[in-house]
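The values are calculated or read from the model by the stated rules, or taken from the named source; none is laboratory data. The shown structure was predicted, so the numbers you read here are calculated from the model rather than taken from an experiment. Cβ atoms come from the backbone with ideal geometry, glycine included; neighbour counts cover every protein chain shown. Protein only, heavy atoms only, side chains kept; ligands, DNA and RNA dropped before computing areas. Shrake-Rupley method; radii C 1.70, N 1.55, O 1.52, S 1.80 Å.
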Amino acid sequence: MEARFIHDGRSIQFVPTVDIPAGTVVVFNNLIGVTKVDLPAGSIGVLALDGVYQFAKGAEAFSTGHFAFWDAANKKVTAVATGNVYLGRVVSDALAENETVEVRLEPITA
């Protein structure tokens, strides 16, 4: 057997080392997910790897279809790829003065 189906891949199990509130972005190298519920430290929880989420952003404007990256240091979406992790694509225009942007999580493709 070369491969065996495990699950649809829309989420993965995750055991945090500290309490993590719902809506937290978690990055493992180039894999990024979002907690849907509060996760106590040491408990088995789930990270969502797909779906559309509203994220905080800086003063950048985004148009539908733009690539979005996660700036982990500032905990915001950015259009800057360098030094940040690919998050997905913007699904609704966001003006520079908007505080949030809607992004569809997408896996990195090599």
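Of the residues examined, THR35 is not one that is surrounded by fewer than 16 Cβ atoms within 10 Å (Cβ to Cβ), of a type in the set (Val, Ile, Thr) and in contact with a Ser or Thr (Cβ under 7 Å, 6 or more places away or on another chain). Restricting attention to the stretch 83-110 and to residues that are at pLDDT below 95 and β-branched (Val, Ile, Thr), the residue that is farthest from the chain's Cα centre (by Cα) turns out to be THR109. Scanning the stretch 58-76 for residues that are of a type in the set (Gly, Ala, Ser) and in a loop (DSSP other than H, G, I, E, B) yields GLY58, ALA59, ALA61, SER63, GLY65, ALA72, ALA73. Filtering the stretch 2-52 to residues that are assigned to a loop (DSSP other than H, G, I, E, B), modelled with pLDDT under 90 and aliphatic (A, V, I, L, M) leaves only ILE6.
Please work out if GLY42 is open to solvent by less than 40 Å² (accessible area, probe 1.4 Å), over 23 Å from ASP71 (Cβ atoms) and in contact (Cβ under 8 Å) with a residue 24 or more places away in the chain. Judged against the criteria, GLY42 is not a match.
Please verify whether the stretch 7-25 includes one or more residues that are touching a residue at least 40 places away in the same chain (Cβ under 8 Å) and aliphatic (A, V, I, L, M). Yes, the stretch 7-25 has at least one match. If you scan the stretch 77-105, which residues turn out to be open to solvent by less than 100 Å² (accessible area, probe 1.4 Å), assigned to a loop (DSSP other than H, G, I, E, B), without any contact (Cβ under 8 Å) to a residue 24 or more places away in the chain and not hydrophobic (A, V, I, L, M, F, W, C)? Answer for the stretch 77-105, where residues must be open to solvent by less than 100 Å² (accessible area, probe 1.4 Å), assigned to a loop (DSSP other than H, G, I, E, B), without any contact (Cβ under 8 Å) to a residue 24 or more places away in the chain and not hydrophobic (A, V, I, L, M, F, W, C): GLY83, ASN84. GLY65 meets each of the listed conditions (1) surrounded by fewer than 19 Cβ atoms within 10 Å (Cβ to Cβ); (2) at negative phi apart from (2). Of the numbered criteria (1) part of a strand (DSSP E or B); (2) free of Cβ contacts under 8 Å to residues at least 40 places away in the same chain; (3) hydrophobic (A, V, I, L, M, F, W, C), the one PHE55 fails is (2).
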